[in-house]
Amino acid sequence: MHIPVLTYHSSNISGNDYHNNDHIALRSDLKTIAKLGVKIISAHDLVKWIKGEMELNDKERYAVLTFDDGLMLDYMDWQHPHHGFQSSFYNILKSHDDYIHATSFVIASPKDRKILEKTCMGGNPIWSDD
């Protein structure tokens with residue numbers, strides 16, 4: 001059995017289409033996943049399954065959702081200066097299913113987040129301690 005890991009970056013907002021906005025892509029992918037009957041499991045459960053510590057029904061299809069970089073846009077809505085209102089990944093998940101699971105990987109160093117905010121995010125305050 002193969003279990004895909006779908007990875008999203010909340011900073012990927014270069015427009016308002018599937019190919020240039022991971023918020024749009026996540027919402028669309030969740031609809032497709034539901035339509036196909038794929039069950040979403042946690043990254044933790046995926047690791048347990050790989051290690052043989054957990055069984056999954058081989059008649060079912062599964063996927064894992066992860067969010068990279070840990071920007072505030074994973075959890076908070078934001079008014080993008082060029083592409084308008086962006087619903088957070090959290091609110092997208094909640095609007096789809098109250099019990100859906102995703103794993104967010106966070107850059108833990110406040111110093112490095114401040115550098116990245118200035119160099120990668122145009123100074124927009126979206127890589128904060130919040």
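Laboratory data are not the source of any read-out in this text; all were calculated from the coordinates shown. Source: prediction; values computed, not measured. Here the Cβ is made from the backbone with ideal geometry for all residues, glycine too, and neighbour counts use every protein chain on show.
Show the residues, 5+ positions off or on another chain, whose built amide H is closer than 5 Å to the amide H of N12.
When sequence neighbours closer than 5 places are left aside, the close amide H contacts are D22.
Mind sorting Y8, Y18, Y90 by how few other Cβ atoms lie within 10 Å of their own Cβ, fewest first?
Y18, Y90, Y8
Defining a contact as two alpha carbons under 8 Å apart and six or more residues distant in sequence, what relative contact order in percent does segment 5-120 show?
Answer for segment 5-120 is 28 percent.
Check I40: other-chain or 5+ apart residues with amide H under 5 Å from its amide H, H built from backbone geometry?
Close amide H contacts, sequence-distant or interchain: A63.
Determine the calculated [θ] at 222 nm for the chain from helices alone, applying -39500 (n - 2.57) to every DSSP H run no shorter than 4 residues and normalising by the residue count; nearest 500 deg cm²/dmol.
-9500 deg cm²/dmol
Rg and Dmax of segment 18-88, using alpha carbons, in Å: what are they?
Here Rg and the maximum Cα pair distance are 15.4, 47 Å.
Which of I24, I50, I100 moves most in a GNM of the chain, Cα contacts under 10 Å?
Evaluated over the chain, the most mobile residue of the options is I50.
List the residues whose amide H sits under 5 Å from the amide H of Y75, counting only those 5 or more places along or on another chain, with H placed 1.01 Å from N in the peptide plane.
F89, Y90
Could you check which residue among H82, H23, H101 shows the biggest mean-square fluctuation in a GNM of the chain with a 10 Å Cα cutoff?
H82
Given Cβ point charges of +1 (Lys, Arg) and -1 (Asp, Glu) and nothing else, what value in debye, to the nearest 20, does the dipole of the chain about its Cα centre take?
Using only the charged Cβ atoms, the result is roughly 140 debye.
Subtract the Cα-Cα distance of E55 and D97 from 0.36 nm times their separation in residues, and report this length gain in nm to one decimal.
12.7 nm
Could you please report the charge total around K118, scoring K, R as +1 and D, E as -1 over all other residues with beta-carbon less than 13 angstrom from its beta-carbon?
Every neighbour counted, the sum reads +1.
Bin width 5 Å, alpha-carbon pairs only: give the P(r) of the chain as whole percents, running from 0 to the bin holding the largest distance.
Cα pair-distance distribution for the chain, in percent: 2, 10, 19, 21, 18, 13, 9, 5, 2, 0.
Would you tally the net charge around V64, using a Cβ to Cβ cut-off of less than 14 Å, leaving V64 out, and scoring K and R as +1, D and E as -1?
With Lys, Arg at +1 and Asp, Glu at -1, the neighbours total -1.
Over the chain, with a Gaussian network built from C-alpha contacts below 10 Å, which listed residue (Y99, Y75, Y62) shows the highest mean-square fluctuation?
Highest fluctuation among the options: Y99.
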